[in-house]
2 protein chains.
Amino acid sequence: MNAVKVGLLGLGTVGGGTATVMLRNADEIQRRLGRPVEISHVAGLGIADQTILDASKVKLTEDAFEVVTDPEIDIVVELIGGYTLAKELVMKAIENGKHVVTANKALIATHGQEIMQAAMAKGVNVAYEASVAGGIPIIKAVREGLAANQIEWIAGIINGTGNFILTEMRDKGRGFDDVLKEAQQLGYAEADPTFDVEGIDAAHKLTILASLAFGIELQFDKCYTEGISKITTEDVTYAGELGYRIKHLGITRKTDKGIEMRVHPTLIPEKRLIANVDGVMNAVLVYGDAVGPTLYYGAGAGAEPTASAVVADIIDTVRSFDEDADSKVPLMGFKPDAMVDTPILAIEEVETAAYLRMTALDKPGVLAEVSEVFAKHNISIEAVVQHEPAEGVDRVHLVMVTQKDIEKNLDNAIAEVEGFDEIDGKVVRIRLEHLG
Amino acid sequence: MNAVKVGLLGLGTVGGGTATVMLRNADEIQRRLGRPVEISHVAGLGIADQTILDASKVKLTEDAFEVVTDPEIDIVVELIGGYTLAKELVMKAIENGKHVVTANKALIATHGQEIMQAAMAKGVNVAYEASVAGGIPIIKAVREGLAANQIEWIAGIINGTGNFILTEMRDKGRGFDDVLKEAQQLGYAEADPTFDVEGIDAAHKLTILASLAFGIELQFDKCYTEGISKITTEDVTYAGELGYRIKHLGITRKTDKGIEMRVHPTLIPEKRLIANVDGVMNAVLVYGDAVGPTLYYGAGAGAEPTASAVVADIIDTVRSFDEDADSKVPLMGFKPDAMVDTPILAIEEVETAAYLRMTALDKPGVLAEVSEVFAKHNISIEAVVQHEPAEGVDRVHLVMVTQKDIEKNLDNAIAEVEGFDEIDGKVVRIRLEHLG
């Protein structure tokens, strides 16, 4: 059979990895697919100087629009990233009847609805396995592998940079800023680390997972997002004393009141498998009503792991060429007319447990006073840690773990405690999930 | 669209779970598939007394051949288990143009070749996700999700009974026979536990994974199989002292000399994620050249977890109804004409590291004598543990960890050591893998 012609937009880290994997594993891919897949047109900046591809066989251009309008191209692989240009290119590719494979989580999370509609109208595929958790085939697992289930919740470590920082803080007692600097030197974190450490990248991915799990529209703007930049080594240590580890999780859950969608630092019991996922690795825990808990672990970023997902999507896309619309796996997992508009809960309405740390004057009665406030708001305290103060210091750390309650109740109790003269500054609050 | 008609063979644990999940999640399945799926004909012993299905809507029979020849049935789901009758029924179903979904690992591992050929000739699908690791979508991950990779190796905890026994032995210091009895009472192990504890069940599953990973024929008879019935609490304890846990692993690996396919107890470093998979849970670690290590975790057995995989296969199968042969995912992952006959290595030719425990007379020079034998055979010793003998006892346990070498070298060294007067009986040998 004729070779499938792929047009590649971007030849940076992931683009280079994709080209490398497609060339190295060309035989293996053909053994699976029954026909060859070739990169035939590539757009990138300074593309003439690239060394991965044989320039005598592949058209090279700095103008990505040449690729998406090239009549020879069957599949456009978008690896440029960002919103504006990427969206324009993807929409133009679809308009020209090209199938699209992308690793762009920001694009899918924010413009996915419009892109999917255009693709369905045109009868082309849009594949985005690489957009969530890199090389882990998590989209395939949720969309196909667990299709028999009502998904109850998903909790994932879906940003490797954040997990690297939290792992180093715990293992070596290092501070956040110190580890962040190293992550930047190692190339794990961008010069502007906001997307990673403030949870925006994770929120993009969680938005996609929530849509696939529950058959709701992509609603990035409704995802509650809290970063890890305020986590201190003290909190990491106290969490350890209590038998927990702090991970930056994306959590989505279906409840009777609506769907939760939230990214925040989270204490989880150290004996849970996902609590032991360290360094830059990602893992996603999916709970289905029939299957129970399942976990998917692997590299969430990097050239070849991401390429692994991109190329798997290319293979799937080739298999979909002649499929009729009814037989295809729906782009977002559910048939378009079966999407629902279950409300996304505001964070105040979500039920969570919490780890609280306050700095209190070391004098009798403070613990009683604080406990009384929580009792008044009907918040149960599950554990308390208070060490003797250091010599010559008149302040102590008071650490409490609450049971699950609606967040606004806890907000009110915390505001009241913060008003006490015996409590210094703000109460540190980190959510806690048992993931049982 | 018309409802898809499913015929169910067997209404035991998994059959009952499948019926329950299909009824409970019928809406969710239809939201994904765009058409309803109905169980319309069921065969089982004492079927008239079953209470899950509405007998006024579903044909019930004790004769499974009625189901596989029923002209109304689109998909036959074989959940009877075993080899002979199951094979006859599956072949008859294919002959009658039915698609087949099965959870039967023994059937696929031993008769898969013949079944797949018949299915391809007839243009029907044979789906078997539930045959390996229950609810974990591992076949989809290896066959599709990681299709861009050259798989280098797979190592899996793929028998929940064995993992439950080893977990209890480690956590509670209990003996093998004691825990096995409990596993039987809990329904985790059969009255005849041979298939589980002697590794035959795991070997069936590993045979399937090896075929999918490397594009080789199913060759169950070439899988090296060793059970866990000889593991003692002493070995569990010594392994712990050395920083390892003992797990019953199925391992398949491609080397320059051939493919390894082996099931045996294995020491693995305790910090590996898979070392922390406890109780009846399963996990499969897959190493691809592009993606690196990925791990898939979940329930490997049980009514609804297995049903989760069976029903996902039904959904996939419905989507394949109108696909042409070229566009389908090949039944064994690779196009039939791209299968290779890479040799399977005999265990003597496989390179492994090992944990060795010998009972030695407590007198000077024994360690030196033993060490000399290993040195003579060019086997490097990586660690040694020897405690002081208990009071009044003149025997000590000498524990050694070797570096990787071809097994027949170690066989020879062990035979020599066992010949020493100062060494009692047999040397205990458990393989060791770093899985790095």
Label-to-label distances across copies for B:Q113, with labels 7 Å out along Cα→Cβ, in nm, shortest first? 5.5
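Compute the Cα gyration tensor for the range A:271-342, then decide on rounded, prolate or oblate, letting a ≥ b ≥ c be the square roots of its eigenvalues: rounded whenever a/c is under 1.5, prolate when a/b is larger than b/c in the other cases, and oblate in all that remain. Intermediate values should be presented prior to the final figure.
Details: a/c = 2.87, a/b = 1.35, b/c = 2.13.
Cα axes put the range A:271-342 in the oblate bin.
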Would you mind calculating the relative contact order of chain A from Cα pairs under 8 angstrom and at least 6 residues apart, reporting the percent as a whole number? 16 percent
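Given the rule -39500 (n - 2.57) for each run of at least 4 DSSP H residues, summed and divided by the residues of chain B, what is its mean residue ellipticity at 222 nm, to the nearest 500 deg cm²/dmol?
Details: 13 runs with 147 residues, N = 436.
Here the helix-only value at 222 nm equals -10500 deg cm²/dmol.
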From the label point of B:A325, set 7 Å from Cα along Cα→Cβ, how far away are the matching label points in the other copies, in nm, ordered shortest to longest? 3.0
Taking a cut-off of 21 Å, what percent of all Cα-Cα pairs in the range A:282-419 are separated by more than that? 68 percent
Which three extents, in angstrom, do the Cα atoms of the range A:82-212 have along their principal axes, listed largest first? 54, 37, 19
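Grab the beta carbon distance between B:T51 and B:E95, set R0 = 45 Å, and tell me the FRET efficiency rounded to 0.05. Don't skip to the end; give the middle numbers.
On the way: r = 33 Å, r/R0 = 0.73.
Plugging the Cβ-Cβ distance into 1/(1 + (r/R0)^6) gives 0.85.
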What Rg and what Dmax come out for chain B when only alpha-carbon atoms are used, in angstroms? 24.1, 83
To one decimal in nm, how far is A:Q184 from the same spot in the other copies, if labels go 7 Å from Cα toward Cβ? Please give the shortest first. 6.5
Give me the compactness ratio for the range A:138-299, meaning the Cα radius of gyration over 2.2 N^0.38 Å. 1.02
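Using the Cα atoms as the points, what is the convex hull volume per residue of the protein assembly as shown in Å³? Mind showing how you got there, number by number?
Working: hull volume 168.4 nm³, N = 872.
Spelled out: Cα convex hull of the protein assembly as shown, divided by residues, is 193 Å³.
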So if the hydrodynamic radius of the range A:349-432 is defined as the Kirkwood radius over C-alpha pairs, what does Stokes-Einstein give as its diffusion coefficient at 10 °C and 1.306 mPa s, in µm² per second? 123 µm²/s
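A short reminder: the numbers here are calculations on the coordinates, not readings from a lab. Everything numeric here is computed off the predicted structure, so don't read it as measured data. All Cβ positions, even for glycine, are placed from backbone atoms using ideal geometry, and neighbour counts span all protein chains on display.
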